[in-house]
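Presented below is the structure to which this report refers.
The values are calculated or read from the model by the stated rules, or taken from the named source; none is laboratory data. What you see is a predicted model; the values in this text were computed from it and never measured. Please note: Cβ atoms are built from the backbone with ideal geometry, for glycine as well, and neighbour counts cover all protein chains shown. Keep in mind that these areas ignore ligands, DNA and RNA; they rest on the heavy atoms of the full protein, side chains included. Shrake-Rupley method; radii C 1.70, N 1.55, O 1.52, S 1.80 Å.
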Amino acid sequence: MGDRRVIHLVDDEESIRKAASFALKTAGYDVVTYASGVEFLKEAKSAAVGCVILDVRMPEMDGLEVQAAMAARGVNMPVIVLTGHGDVSVAVQAMKGGAVDFLEKPFEKAALLGAVSRAFARLDDVDFRTLETSEAGVRVAALTPREREVLERLANGLPNKTIAYDLGCSSRTVEVHRASLMAKLEVRNLSEALRIAFAAGMGRKPK
């Protein structure tokens, strides 16, 4: 058991804790669950080093506050953020705060395991971030200048209508650019596209 990976799952929804725990345990991980960020922070300093899966929308302390508290207390474990549909701007904030990845609920088991794998790779290999950045840079380089502009704004949490206004085009045109850049990046959803964008250094500028 000492060789098994530990995952700290923080979510106030019992159904999510049960479903995610089952998926992770059957994949060979040890899972410790917490019903709130406050509960997790009480144990975090002495907890086994692993990966933290952190829900954003929680009572008492939301996920961003818990993430900030982790950093302040020197709890240096990779974080995966769980968001509800439409919470992309919040996920952007979390990833700017150092989160490795984010998943939109409801998420598929494959997406969950992929995010966890990336988190542990980050924990294991100090050169992983450099490799990730290099690969992301190659993918982004294949985009047209306008597609890069759209991706940059998506990485800053902007909605299609705002992007269209900024670029002087229609929302439909932005949707076409989004579809094209996602095809070139070889991703299936916005979450994956944003992960590449962040790795390439996008979304770092203040709005």
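Here region 78-89 is the region considered, the condition is being open to solvent by 20 Å² or more (accessible area, probe 1.4 Å) and touching a residue at least 60 places away in the same chain (Cβ under 8 Å), and the residue that is nearest to Ser15 (Cα to Cα) is Val88.
Within region 165-183, residues that are more than 13 Å from Arg153 (Cβ to Cβ) reach partners that are of a type in the set (D, E, K, R) and open to solvent by 60 Å² or more (accessible area, probe 1.4 Å) with beta carbons closer than 8 Å, at six or more positions or on different chains, in the pairs Met182/Arg188.
Regarding region 20-30, can at least one residue be identified that is among the aliphatic types (A, V, I, L, M) and surrounded by fewer than 20 Cβ atoms within 10 Å (Cβ to Cβ)? Scanning region 20-30, I find at least one residue that is among the aliphatic types (A, V, I, L, M) and surrounded by fewer than 20 Cβ atoms within 10 Å (Cβ to Cβ), so the answer is yes.
Against the numbered list (1) under 18 Å from Lys96 (Cα atoms); (2) at pLDDT below 90; (3) more than 15 Å from the chain's Cα centre (by Cα), Gly86 comes up short only at (3).
Scanning region 70-122 for residues that are within 20 Å of Pro159 (Cα to Cα), small (Gly, Ala, Ser) and out of contact with any Lys or Arg (no Cβ under 7 Å at 6 or more places or on another chain) turns up Gly86, Ser89, Ala91, Ala94. Any chance region 147-164 includes a residue that's within 14 Å of Leu190 (Cα to Cα) and among the polar types (S, T, N, Q)? Checked against the condition, which is being within 14 Å of Leu190 (Cα to Cα) and among the polar types (S, T, N, Q), region 147-164 yields at least one hit. Residues that are over 14 Å from Leu82 (Cα atoms), among the small types (Gly, Ala, Ser) and surrounded by fewer than 18 Cβ atoms within 10 Å (Cβ to Cβ) within region 36-56 comprise Ser46, Ala47, Ala48, listed in sequence order.
Do we find that Val31 is more than 20 Å from Leu123 (Cβ to Cβ), touching a residue at least 24 places away in the same chain (Cβ under 8 Å), touching a helix residue (DSSP H, G or I) at 6+ places or on another chain (Cβ under 6 Å) and among the β-branched types (Val, Ile, Thr) in this structure? Considered against the rule, which asks whether it is more than 20 Å from Leu123 (Cβ to Cβ), touching a residue at least 24 places away in the same chain (Cβ under 8 Å), touching a helix residue (DSSP H, G or I) at 6+ places or on another chain (Cβ under 6 Å) and among the β-branched types (Val, Ile, Thr), Val31 comes out as no. Looking across Ala20, Ala47, one residue alone is closer than 23 Å to Leu113 by Cβ, out of contact with any Pro (no Cβ under 8 Å at 6 or more places or on another chain), assigned to a loop (DSSP other than H, G, I, E, B) and not polar (S, T, N, Q). It is Ala47. Give the residues of region 153-187 that are surrounded by fewer than 21 Cβ atoms within 10 Å (Cβ to Cβ), within 25 Å of Gly97 (Cβ to Cβ) and either modelled with pLDDT of 95 or more or not aliphatic (A, V, I, L, M) (or both), sorted by residue number. The answer is Asn156, Gly157, Pro159, Asn160, Thr162, Asp166, Arg178. Scanning region 191-207 for residues that are open to solvent by less than 40 Å² (accessible area, probe 1.4 Å) and in contact with a strand residue (DSSP E or B) (Cβ under 8 Å, 6 or more places away or on another chain) returns Ser191, Leu194.
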